Amino acid sequence: MPSYSSWPPNRVWTRQWDRDHTTFNFDLSRGRIGSTWFKGAQTNITFNCLDRWVIAGKGDRVCFISEGNDLGHERSMTYHQVLSEANWLRGQGVAKGDAVLIYMPMVSELPIAMLACARIGAVHNVVFAGFSPESMAQRIQDCRARVVITASGVMRGTKRVDLKALVDESLSLAQKAGYRGVTRVLVFEKSALPREETPWKPHRDAWWHHEVASRPEYCPPVWLDAEDPLFMLYTSGSTGKPKGVLHTMGGYMVHVGAANKYMFDVREGDVFWRQGLATRPGICNMPGPS
């Protein structure tokens, strides 16, 4: 870990708050509908989610608590631990603006993968781990993903779902459609499907535990414009081709900050529970006001 004695760097928003923090147009007759937040400013959402709490001396507090399919499969991770794992993508040739597709069950590594993307300016696209290979292939092609992050398999009740095999099938479908842009598949090993039973392509696939452990403990954040893309989330596609909705860094930070403060009233020490779709992290222990 680096010394934080001189942090945070000089990235403070200095314009007049009540006039310059946002611009918007909601009148179609005046042009394109949309809004911008903190135009010209720079930030990184992972610095606000992780580094700031380490700097504040709260790095040893619990960040995520996850509970497995069976009793006895509970796990917790501190802010320090999460910060040290969000480090893999930088060594994979992934750059700012590149797309990374995430197809994972509800484990702590899911939000860590999202943070790892945001850390370097890659745009993550989380696909619900119950979607078919056809649906996944469609999203891989549309967002032009370069990397896929998944798990070997997962138990849903008493049924085993081989996630890695589904990823392989989706990539095969994407290749048949003409897209061959995915160069790496990172696989988190789950006990539901051990590695010796997991289908494998040696020059493309890699195990999470090996790759993350081999990287430097600290990955410095890439400072991004507030209007740079953060993640893409696709519509269901029930009425046509799924459409990727792009969320930007500054606007999303405003949204989640306001939602946690004014809608959920989340305060220091609270445990915030989220369950269900693999588009959301599990339990988050808030270290303090955001």
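The values are calculated or read from the model by the stated rules, or taken from the named source; none is laboratory data. Since we're looking at a predicted model, the values are computed, not measured. Ideal geometry is used to build each Cβ from the backbone, glycine not excepted, and the neighbour counts take in all protein chains shown.
General observations
- Of 267, 180, 215, all but one fail to be closer than 30 Å to residue 59 by Cβ, touching a helix residue (DSSP H, G or I) at 6+ places or on another chain (Cβ under 8 Å) and charged (D, E, K, R); the exception is 215.
- If you check 122, 129 for being of a type in the set (A, V, I, L, M, F, W, C), surrounded by fewer than 24 Cβ atoms within 10 Å (Cβ to Cβ) and in contact with a helix residue (DSSP H, G or I) (Cβ under 7 Å, 6 or more places away or on another chain), only one passes: 129.
- The set of residues in the stretch 82-102 being farther than 19 Å from residue 180 by Cβ and assigned to a helix (DSSP H, G or I) consists of 82, 83, 84, 85, 89, 90, 91.
- Residue within the stretch 177-188 that is within 30 Å of residue 83 (Cβ to Cβ), of a type in the set (Phe, Trp, Tyr) and touching a residue at least 60 places away in the same chain (Cβ under 8 Å) present: yes
- Scanning the stretch 230-255 for residues that are touching a residue at least 24 places away in the same chain (Cβ under 8 Å) and either at positive phi or of a type in the set (A, V, I, L, M, F, W, C) (or both) yields a count of 9.
- Subset of the stretch 196-229 [in contact (Cβ under 8 Å) with a residue 40 or more places away in the chain, among the hydrophobic types (A, V, I, L, M, F, W, C), outside any loop (DSSP other than H, G, I, E, B) and more than 22 Å from residue 21 (Cβ to Cβ)]: 208, 212
- For the stretch 222-235, the criterion of being among the β-branched types (Val, Ile, Thr), at pLDDT 90 or above and over 22 Å from residue 139 (Cβ atoms) is met by at least one residue.
- Residue count for the stretch 223-242 under the criterion of being surrounded by 14 or more Cβ atoms within 10 Å (Cβ to Cβ) and over 21 Å from residue 43 (Cβ atoms): the result is 2.
- The conditions of being in contact with a strand residue (DSSP E or B) (Cβ under 7 Å, 6 or more places away or on another chain), among the hydrophobic types (A, V, I, L, M, F, W, C), under 17 Å from residue 117 (Cα atoms) and part of a loop (DSSP other than H, G, I, E, B) are not met by residue 187.
- Filter result for the condition that a residue is of a type in the set (A, V, I, L, M, F, W, C), modelled with pLDDT of 85 or more and exposed (fewer than 13 other Cβ atoms within 10 Å of the Cβ), over 33, 45, 65: 33
- Verdict on residue 148 being assigned to a loop (DSSP other than H, G, I, E, B), in contact with a strand residue (DSSP E or B) (Cβ under 7 Å, 6 or more places away or on another chain) and either free of Cβ contacts under 8 Å to residues at least 60 places away in the same chain or under 29 Å from residue 219 (Cβ atoms) (or both): no
- Total residues in the stretch 128-145, condition at pLDDT below 95 and part of a loop (DSSP other than H, G, I, E, B): 5
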